[in-house]
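First up is the structure itself, then whatever we jot down about it.
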Amino acid sequence: DNYAGDIAIDDININEETCQALASPDAFENYIHVITPLTENGPCGESMQTVKYYDGLGREVQTIQAGASPNYEDIVTSLAYDAYGRQHKSYLPFEAAGNNGQFYEDFTNVTNYTASYGTTDDDYAFSETIFEPSPLNRVEKQRPPGYAWRDGQDREVKSGYGANVAGEVYLLTVPVVESGAAPVYYAANQLYKNTTWDENQVSPSGTASRVEEFKDKLDRVVCKKVFDGPEEHATYYVYDDFGNLRYVVQPKANVSDGISNTELAELCFQYTYDERQRMITKKVPGADPVYMVYDRRDRLVLTQDGNQRAKSPKEWSYTKYDQLNRPVMTGICQSNDTHENLRNTVMNSTGPALYEIFDANSTDGYTNNSYPTTGIKEVLTVTYYDNYGFKSLSGFDAKFDFDYTNGINAGPYMTGPRGAVTGGKTKVLNDGAWLRSATYYDDKLRAIQTVSEAYGAKYARTATAYDFTGNVTDTKTVYVMDDDSEEQLRERFEYD
């Protein structure tokens, strides 16, 4: 255990088998060489190689995809920085013959790009960012690649920065919106103002088509104005004291004289929150509010829209969860209790009343511990995880077993794929029939076979094969019709 001094990176050698033709990165540059095997043969098989070069400040300056072109030559993509260290140019990729992973010094040479982009665009084979002359490094212009977007044409995306002026933006608060009172304006220089002109605006001005965005000192967007020439369309965003978005006022609403009840109902998005800052009501323009109820784990348990609220008894959509907070069951329940009472009831649930566990003796395969335990009108979906114990339930017959003779993927499959959805069933609305399914995984947790009942047929079985990197290479789907006839769909996939 004698200490012999520091070990430099250059002292570490990786033994490479001579059967693999590897790229030869430039030893005088900072680089990271990544080799991704595409087969099980390791360095003796096909691989994908990338070399990333960095300058002395650790900034990425060039990426080489070794042998990745159709001609098996390197593809080079470069970045350039200005005198202040800001990335201002991003060059399009080009093919470099005989480069073999080396740093390509002459990447700005126009002739590199002629073969791929032609003699018109090769001089402009890069996107460019122009920064304002200030220490803030804010973007002033952005040019895409190509001759049509070259400097001097004024076809960039242009940005402007400033502050609001007096009489420009209304100050909307929650009390102002809810009372319908006429709002006042923000005082001058109280908001950040960012203006964007698109490529069609050759001469940016205060009268050209543009987008103006106003942010407060907490960096929240309070107003966004879209101009079609002189015509203004302003959307306002209203926040409460906790920073929650409470209202979105659309341009059609007349803000200047206050927001009427009709405008609030028909032209505004509305949101309310509980003491945990969880959204408990949401109202979109022209619709009744949607009520939401959460449990103490912050999981959404109940929702109710206007149509469900109008029924007698009132209906709620519910979701039940397992111990790992995964949804295991959804459906419709009935309760005339108020929104507030249901929030308290669900929030006060503790211990086993918070989750369901698998129960092979129940109809749907789960206990009935969490809310709702009564008043359930119908179950709509059931989801199973981690194993295949659900196959003992009614309806999961032999057709849901793994087929070892499919000709695509003969397994084996994992009997306990932890964390994966292994099966489920979905009810057909207004029919009452169930459509069941089962999914099988290999040891890399990839779905290799799926069996699912289909409406109007008996079932469909899909087998899937993968290559070493996880890409799908082959699928075979067999549709078994009601008369036991079969239709097959075979698909093969190839990658470059």
Of those in segment 138-161 that are in a strand (DSSP E or B) and among the polar types (S, T, N, Q), the residue farthest from the chain's Cα centre (by Cα) is Ser159
Hey, could you check segment 258-283 for residues that are of a type in the set (A, V, I, L, M) and not in a strand (DSSP E or B) and say which is surrounded by the fewest Cβ atoms within 10 Å (Cβ to Cβ)? Ala265
Of everything in segment 286-298, what is out of contact with any Ser or Thr (no Cβ under 7 Å at 6 or more places or on another chain) and either part of a strand (DSSP E or B) or crowded, with 17+ Cβ neighbours inside 10 Å (or both)? Give them in sequence order. Val293, Tyr294
Verdict on Val255 being out of contact with any Asp or Glu (no Cβ under 8 Å at 6 or more places or on another chain) and either crowded, with 16+ Cβ neighbours inside 10 Å or within 19 Å of Ser179 (Cβ to Cβ) (or both): yes
Checked pairs for segment 217-229, first within 14 Å of Tyr186 (Cβ to Cβ), second assigned to a loop (DSSP other than H, G, I, E, B) and of a type in the set (A, V, I, L, M, F, W, C), C-beta under 6 Å and 6 or more apart or across chains, list as Cys223/Val169
Of the residues Gln250, Gln304, which single one is surrounded by 18 or more Cβ atoms within 10 Å (Cβ to Cβ), polar (S, T, N, Q) and more than 25 Å from the chain's Cα centre (by Cα)? Gln304
Any chance segment 423-440 includes a residue that's in contact with an Asp or Glu (Cβ under 8 Å, 6 or more places away or on another chain), surrounded by 16 or more Cβ atoms within 10 Å (Cβ to Cβ), small (Gly, Ala, Ser) and not in a loop (DSSP other than H, G, I, E, B)? yes
Of the residues in segment 151-178, those that are at pLDDT below 95, farther than 20 Å from Phe227 by Cβ and surrounded by 15 or more Cβ atoms within 10 Å (Cβ to Cβ) come to none
Report yes if Asn387 is part of a loop (DSSP other than H, G, I, E, B), in contact with a strand residue (DSSP E or B) (Cβ under 7 Å, 6 or more places away or on another chain) and without any contact (Cβ under 8 Å) to a residue 40 or more places away in the chain, otherwise no. yes
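Among Asn71, Asn109, which is at pLDDT below 95 and part of a loop (DSSP other than H, G, I, E, B)?
Every option except Asn71 fails the conditions.
The values are calculated or read from the model by the stated rules, or taken from the named source; none is laboratory data. The structure displayed is predicted, hence computed values, not measured ones. Don't worry about glycine lacking a Cβ; one is built from the backbone with ideal geometry, like all the others, and counts go over all protein chains shown.
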